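Nothing in this text is a laboratory measurement; each read-out follows from the coordinates by a stated rule. A quick note: this is a predicted structure, and the numbers were derived from the prediction, not measured. Neighbour counts run over all protein chains shown; Cβ positions are idealised from the backbone, glycine included.
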Amino acid sequence: MYNANETRHLQQETASLLKAPDAIGTKQLEDLRNVLRFHEYRYYILNDPLIADFEYDQLFKALERIEAAHPELRTADSPTQRVAKGLTRDFPSATHLVPMLSLDNSYNSDDLLDFDRKARELSGLSEIEYCVEPKFDGGSISLIYENDMLVRGATRGDGVEGDEITTNVKQIRSLPLSAGFSKYGIEQVEIRGEVLINKENFRQFNEKLIEQGQAPLANPRNAAAGTLRIKDSAEVSRRKLEAFVYHISYVNLLPGAQSPDALDTHAGSLKMLWDLGFRSPQKEKQVFKGIQGVIDYCLSFEQTRDDLPYEIDGMVIKVNSTELQDKMGMTTHHPRWAIAYKFKARQATSILQNVEFQVGRTGSITPVAKIQPVPIGGVTVSSISLFNEDIIKEKDLMIGDTVLVERAGDVIPYIVKSMAELRTGSEKPVVFPGTCPVCSSRLFKEEGEAVWRCINIECPAQVVERMIHFASKDAMDIRGFGDANVRKFYEAGLLKDIPGIYQLDFETIGTWEGFGKKSIDNLKAAIDHSRQQPLHRLVFGLGIRFVGETTAKTLANTVTHLLDLKEFTLEQLQSLEDIGPKVAGSVQHFFSNPQNIAMLEQLEQLGLSLRNNKKDFVSSGNLEGLTFLFTGTLPTLKRSDAEAMAEAKGGKLLSGVSAKLNYLVVGEDAGSKLEKAKKINTVKIISEAEFLKLLEE
Ligand code: IVH
């Protein structure tokens, strides 16, 4: 639709408008609209935005400002007059009972003060009550329940019509398939919410993809939104989506029923949804009279956003009274009674200065983008993994390109795209090496794989990476034995392989600068401690290809002695949970290599146990033999979910406090059970956070 020249022209226009968005005036009105239309096309149609969301918002706001001041200049086809299209043809379409509008955005306390001022003017009140909750960063959905049954789930689509994705929505465990709305006199209800994938599930999912040599998904938001549109519902289920619901857009009462009091306020609706078994932001929301409390809450929530298990990109401020909401009404784009407070952007543009090639512990060659350092969400980003050659091609990256970079929470930064439109002709292609950048051996690529490998297992880079991995937190967890020290010891010739970790010459190291008695003692203690690590950590630490933490647990739990795996046939290995032909082949390959067996025997002689001490670890049941009871309101988990989690890990639930109880997990307003438990010495009283830690162990 836009040719290269037009694209370049519109990009230049964009850059000039963005220099001073507040100064854009009526003269630039048509340019501004054209620029916005262009970016909507890039975003919604091509799925290939050229500017950050924040920049788009700035321009959109400028247009709104000008049109508000000059209503006579507003045109029917102005970008402010419609919601952009975002439909696919893969699913039947579903018309929303009430159009799914967007939210207006704010970025600082002045914007919020402004919102409050307008809200007071509109309502004629001197002070307004607001309800504030997180702005979940996922894919939005709308749900219809009829006669207490979930009958339809749909994506937002263009706001009027979305994709009908009922089967996929039913895979989301946090959405009840039926809920007792009739108790509230409600026959039919349309609810809005957000589908998310939590950071941990996202990390694990990506870890699996990487283990399988596939490119990881970009961020939890894309993963959640994309998953909703997958045709294979079993795959949707595997990705463990979650959903928060936060708005009731439509209610049809049962004949003769009165509107329930719960619907008088937004906070009441959230509570009703929570009581009906939905995950609404019941715990996270807060109600404030006046805007100051709202501002403080938004600012303080921003500080702790990374502590949440899922991504949020801001807060949403809603007028609490639904009567007042109706009075204030909406524009074609957003309700006037709500506004999003967006956290600091985690996207930025930078320049791709170089691509370096790193050798991993399995010999994989990973291209790493070196970009002009740029702060994103409080962290300076200068290095970004590009995973494999295909990604460089897919993203059409050239040295010298302007690139859009995103860093979502705990998620590693990634390059969203290059902006080919801004090229000047001086950019250089990225050339993938033919030989290993460390040992110069020729590189190989297996058929169907995207990753090039150095197959020299003596390659110094691989040897070092294997030791770093062995000592890493999720493997043997040897504190102080990180990247820098492993390299130092290796380069000094004191460390050449994994068993060498247990034979280090501390006398020599003690003479080095920076290695005082205390740090040596700590290092020795950490190495010693690692001898006691459960077998699955050792298996993971060996760095066998395709063997991640989950597979390591399965393997460790299958044998009584690790070397038993030498005798396992491919069929036997494949009969184990989650192990397919590829993983089985890799495990067999590892255990049929005499060098690996010799290394394991040496580790055993050095005091590491290769036995599966069953109580160390049971595959999915590290709580086996332990009893639990939950009391009070937990800060984030629903009681039933927490109980299910304990049971899933082999824990047993008790109904009362007695000497048989191992753990009492307490939340807010815990009552007599807590008092009783305090009197029994053997009962451990723990918080939800401690419980979650226990699950991880
Ligand atoms: S309320 C009329 N509340 O943010 C009600 N939206 O950028 C409008 N979102 O389209 C929505 N968390 O998909 C609302 N707590 C929350 C939200 C939320 C995330 C999404 C929603 C909306 C988008 C606007």
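Before moving on, here are some points about what is shown:
- Calculated FRET value between VAL151 and ARG479, using beta carbons and R₀ = 51 Å, to 0.05: 0.40
- Diffusion coefficient of the range 573-653 by Stokes-Einstein, Kirkwood radius over Cα pairs, 20 °C, 1.002 mPa s: 132 µm²/s.
- Shape box of the range 590-697 [Cα atoms, principal axes, largest first, Å]: 60, 27, 18
- Against the compact-protein benchmark of 2.2 N^0.38 Å, the Cα-based radius of gyration of the range 387-514 scales to 1.41.
- Hydrodynamic radius of the range 465-506 by the Kirkwood approach over all distinct alpha-carbon pairs: 10.1 Å.
- In units of the rule-of-thumb radius 2.2 N^0.38 Å, the range 243-369 shows an alpha carbon radius of gyration of 1.56.
- Here is the size of the range 444-592 from its Cα atoms: Rg then Dmax, 17.3, 53 Å.
- Histogram of C-alpha separations across the range 436-487, 10 Å bin width, %: 24, 37, 30, 8
- Fraction in percent of alpha-carbon pairs per bin - 10 Å, the range 318-422: 14, 33, 20, 14, 12, 6, 1
- For the range 316-361, the alpha carbon convex hull comes to 170 Å³ per residue, rounded to a whole number.
- Cα gyration tensor shape of the range 156-276, rounded if a/c is under 1.5, else prolate or oblate by comparing a/b with b/c: prolate
- Cα long-axis angle, helix 4-19 against the chain (0 to 90 degrees, to the nearest 10): 80
- Global geometry of the range 167-232, whether rounded, prolate or oblate, following the gyration tensor of its Cα atoms and the 1.5 cut on a/c: prolate
- Values of log10 I(q)/I(0), in the order q = 0.19 Å⁻¹, for the range 32-181 under a Debye, Cα-only, solvent-free model: -1.28
- Against the compact-protein benchmark of 2.2 N^0.38 Å, the Cα-based radius of gyration of the chain scales to 1.08.
- Relative contact order of the range 171-326, defined on C-alpha pairs under 8 angstrom at six or more residues apart (%): 31
- Principal-axis tilt of helix 266-275 within the chain, Cα atoms, nearest 10 degrees: 50
- Only Cα sites of the range 453-525 enter the Debye sum here, all with the same form factor; the resulting log10 I(q)/I(0) across q = 0.15, 0.25 1/Å is -0.49, -1.25, listed in q order.
- Here r is the Cβ-Cβ distance between LEU254 and ALA648 and R0 is 30 Å; the resulting FRET efficiency, rounded to 0.05, is 0.20.
- The packing ranking, built from the mean of other Cβ atoms within 10 Å per residue, places the peptides 480-492, 460-472 in the order 460-472, 480-492, highest first.
- The mean of 1/r over all distinct Cα pairs in the range 511-595, once inverted, gives the Kirkwood hydrodynamic radius of 14.5 Å.
- Ranked packing of 673-683, 332-342, 367-377, most packed first, by mean Cβ within 10 Å: 332-342, 367-377, 673-683
- Members of LYS344/LYS395; LYS271/LYS693; LYS240/LYS582; LYS135/LYS318; LYS283/LYS676 lying beyond 20 Å, as alpha-carbon distances in this model show: LYS344/LYS395; LYS271/LYS693; LYS240/LYS582; LYS283/LYS676
- The range 386-424 and the range 495-538: distance between their alpha carbon centers, rounded to Å: 39
- Compared with the alpha-carbon gap, the fully stretched path from GLU394 to GLU6 is longer by 137.4 nm at 0.36 nm per residue.
- Taken one residue at a time, the phi angles of the range 246-253 give Karplus couplings (6.51, -1.76, 1.60, θ = phi - 60°) of 9, 7, 9, 9, 8, 9, 10, 7 Hz. Gly and Pro are set to x.
- Among 391-398, 307-314, the peptide with the highest mean count of other Cβ atoms within 10 Å heads the list, and the full ranking is 307-314, 391-398.
- As a length-normalised measure over Cα pairs under 8 Å and 6 or more apart, the relative contact order of the chain settles at 9 percent.
- Relative contact order of the range 60-199, pairs being alpha-carbon contacts under 8 Å that are 6 or more residues apart, as %: 27
- Taking a quarter of the surface of the Cα convex hull of the range 210-278 gives a mean projected area of 7.4 nm².
- Across the chain: Cys residues that no other cysteine approaches within a C-beta distance under 4.7 Å: CYS131, CYS298
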